[in-house]
4 protein chains.
Amino acid sequence: MTLMPDACFAIELKVRDYELDAQGVVNNAVYLNYLEHCRHEFLLSRGIDFNRYAREGIDQVVVRCELDYKAPLRGGDSFRVTLALERVSPLRFAFLQEVRRLGDDRLVLVARTIGTAINSKGRPFLPPDMERLLA
Amino acid sequence: MTLMPDACFAIELKVRDYELDAQGVVNNAVYLNYLEHCRHEFLLSRGIDFNRYAREGIDQVVVRCELDYKAPLRGGDSFRVTLALERVSPLRFAFLQEVRRLGDDRLVLVARTIGTAINSKGRPFLPPDMERLLA
Amino acid sequence: MTLMPDACFAIELKVRDYELDAQGVVNNAVYLNYLEHCRHEFLLSRGIDFNRYAREGIDQVVVRCELDYKAPLRGGDSFRVTLALERVSPLRFAFLQEVRRLGDDRLVLVARTIGTAINSKGRPFLPPDMERLLA
Amino acid sequence: MTLMPDACFAIELKVRDYELDAQGVVNNAVYLNYLEHCRHEFLLSRGIDFNRYAREGIDQVVVRCELDYKAPLRGGDSFRVTLALERVSPLRFAFLQEVRRLGDDRLVLVARTIGTAINSKGRPFLPPDMERLLA
């Protein structure tokens with residue numbers, strides 16, 4: 001595994017109250033929304049548009065996700081989602097991501113998401129833009 | 001407005017805990033999920049597949065929605081979503097829907113959703129299947 | 001109805017790809033999330049914390065919502081949600097809200113949401129902070 | 001690790017169209033909703049109510065989740081979520097879960113979710129009901 005140069009990225013978001021569950025904390029599933037949004041914003045910043053790919057029949061897919069929940073986010077919290085990218089095999093790449101609360105920098109979540117892409121015939125395939133990003 | 005014959009339908013669902021918000025009740029936005037699922041199941045039962053239409057470039061769209069929230073659903077509640085369909089103009093139809101809690105039949109929500117369909121050129125258009133259903 | 005002085009507010013957000021449905025547009029229900037987030041941010045900016053109220057047994061509730069969908073938001077779109085507040089009766093207030101796409105200022109959604117608050121005994125009740133805001 | 005006797009459970013659900021994303025498949029995050037709903041229904045069937053616990057200040061929390069995505073669910077698909085429970089340490093337990101499509105029994109997702117519970121003082125703690133279930 002090699003960490004890609006120039007493959008670090010961060011976004012800052014604020015918890016929205018509809019994301020809380022009856023315990024008053026952000027529901028576990030919502031973190032996957034945050035992580036995905038950060039990945040897509042990163043890819044977009046590198047010229048790779050998830051939605052344009054989808055319209056062209058190229059689907060970026062998640063094959064595995066590991067999540068370590070360290071502390072909860074609550075209503076009113078703001079947080080930073082960071083990302084680093086590494087290649088894990090010829091056709092697979094991994095996003096290493098962290099969520100940290102703003103203010104006290106408390107670690108909220110650590111995640112590792114392995115992805116690939118699939119062409120319109122359903123075969124694993126890295127589009128040239130992704131190939132270039134991972135080079 | 002004429003209520004369509006054979007245009008009544010119902011589904012029964014159970015609240016899922018991730019649908020609750022910090023007040024411990026189903027969040028307001030989630031009811032639109034319930035209402036949409038009931039409408040799509042109704043259309044599917046009449047041979048009209050929302051997703052097949054989307055792939056063919058025909059988008060069924062909501063143009064207006066009115067919701068009266070009467071009582072909250074909570075964790076553990078089961079409920080029935082009902083539907084009646086009426087034509088409101090040559091190209092528009094309305095779904096009248098209710099959500100009632102199972103057990104005590106308490107009225108939870110009344111909704112009126114006006115829809116139309118749009119063809120691949122972005123023009124209002126009723127597909128033949130919808131035309132037949134509204135006849 | 002009197003429009004409250006100093007009761008205007010706006011937030012700017014960006015569409016997140018998980019908010020899109022199979023038509024490639026923001027799903028109807030998601031707009032209620034946007035509208036709620038704008039209302040809660042507005043109230044918070046006036047010192048009224050939805051979550052603190054919930055913990056104290058005071059529930060702010062929506063009793064009616066009217067939504068006019070004018071144009072869809074798509075992946076990559078950024079948008080502004082605006083809000084004006086008016087009193088509609090001794091115990092009820094209305095939020096008038098608009099969603100407009102940034103860039104071309106296209107009108108996406110117009111909404112009117114009527115709310116009240118309920119105390120821990122389940123009775124309609126306006127907390128002093130809300131009373132002051134509506135004065 | 002010992003697999004608990006009598007700790008197997010299954011629910012059957014149907015994909016709802018709002019759960020699809022722009023690729024026309026169920027979004028990755030939604031599977032955590034399915035998995036949670038299955039876990040909560042299982043616990044409820046054993047007399048353990050997530051929401052009653054939350055109101056009493058006992059929070060059941062997820063500390064780690066591993067997800068292997070094997071195949072996508074699409075609009076119209078029905079599926080079964082299964083669950084087995086094992087104890088992994090004095091205060092932690094793991095749910096092993098699978099999602100399989102109905103009809104062809106295709107494996108869609110394999111997940112392992114490690115949980116614990118936290119009392120009102122924020123300390124790890126297994127309520128007697130959970131202790132009994134894991135015995």
Formal net charge of residues neighbouring C:Leu96 (Cβ-Cβ distance under 14 Å; K, R +1; D, E -1): +2
message: Quick check: Cα centre of the stretch A:100-135 to Cα centre of the stretch C:43-106, how many Å?
response: 34
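Going by how many other Cβ atoms sit within 10 Å of their own, how do D:Val63, C:Val25 line up, fewest first? Present the calculation step by step, with values, prior to reporting the outcome.
Details: D:Val63 15, C:Val25 22.
In order of increasing Cβ crowding within 10 Å: D:Val63, C:Val25.
What FRET efficiency would be calculated for the residue pair A:Arg52, D:Leu107, taking the C-beta separation as r and a Förster radius of 41 Å, to the nearest 0.05?
0.85
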- request: Tell me the distances, shortest first, between C:Thr82 and the same position across the other copies, using label points 7 Å along Cα→Cβ, in nm to one decimal.
  value: 3.9, 4.1, 5.7
Paramagnetic reach from B:Leu91 in the stretch C:82-122 [backbone N under 20 Å; point 7 Å along Cα→Cβ]: C:107-110
- prompt: Is any residue of the stretch C:78-109 close enough, with backbone N under 19 Å, to a label point placed 7 angstrom from the Cα of B:Val61 along the Cα-Cβ axis, and if so, which?
  reply: C:78-80, C:98-109
Over the stretch A:2-134, relative contact order from alpha-carbon pairs under 8 Å, at least 6 apart, %: 29
- request: Between the label point of B:Gly57 and that of the same position in each other copy, find the distances and list them shortest first in nm, with every label point placed 7 Å from Cα along the Cα-to-C-beta direction.
  value: 1.6, 6.1, 6.3
query: Considering chain C, what Rg and Dmax in Å follow from its alpha-carbon atoms?
result: 15.6, 48
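Classify the protein assembly as shown as rounded, prolate or oblate, taking a ≥ b ≥ c as the square roots of the eigenvalues of its Cα gyration tensor: rounded when a/c is under 1.5, otherwise prolate if a/b is larger than b/c and oblate if not. Each step should come with its number before you reach the end.
Values: a/c = 1.29, a/b = 1.12, b/c = 1.15.
Rounded shape, in that the Cα axes give a/c under 1.5.
Any idea what the dipole of the protein assembly as shown comes to, in debye rounded to 20, about its Cα centre with Lys/Arg Cβ at +1 and Asp/Glu Cβ at -1? Before the final figure, lay out the partial values.
Numbers: 76 positive and 76 negative charges, 0 e Å.
I would put it at about 0 debye.
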query: For the pair C:Arg132 and B:Ala135, what calculated FRET efficiency results from E = 1/(1 + (r/R0)^6), where r is the Cβ-Cβ distance and R0 = 45 Å, to the nearest 0.05?
result: 0.20
query: Ranked by Cβ crowding within 10 angstrom, fewest neighbours first, how are D:Val61, D:Val99, C:Val62 ordered?
result: D:Val61, C:Val62, D:Val99
task: Report, in degrees rounded to the nearest 10, the 0 to 90 angle that the Cα long axis of helix A:30-45 makes with the longest principal axis of chain A.
output: 50
task: Note the full-extension length gain between C:Phe125 and C:Ser45 as 0.36 nm times their separation in residues minus their Cα-Cα distance, in nm to one decimal.
output: 26.7 nm
- request: Starting from a label point 7 Å past Cα on the Cβ side, list the distances from C:Glu12 to the same position in the other copies, nm, shortest first.
  value: 1.5, 5.1, 5.1
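Ignoring everything except DSSP H segments at least 4 long, calculate the 222 nm mean residue ellipticity for chain B; use -39,500 (n - 2.57) per segment, divide by total residues, nearest 500. Walk me through the numbers before you get to the answer.
Values: 3 runs with 29 residues, N = 135.
Result for chain B, helices only: -6000 deg cm²/dmol.
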message: For chain D, set up a GNM with springs between Cα atoms under 10 Å and report which of D:Ala22, D:Ala94, D:Ala71 has the largest fluctuation.
response: D:Ala22
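Values in this text are rule-based calculations from the coordinates and carry no lab data. Note that the coordinates shown come from a computational prediction; the quantities given were computed from them, not determined experimentally. All Cβ positions, even for glycine, are placed from backbone atoms using ideal geometry, and neighbour counts span all protein chains on display.
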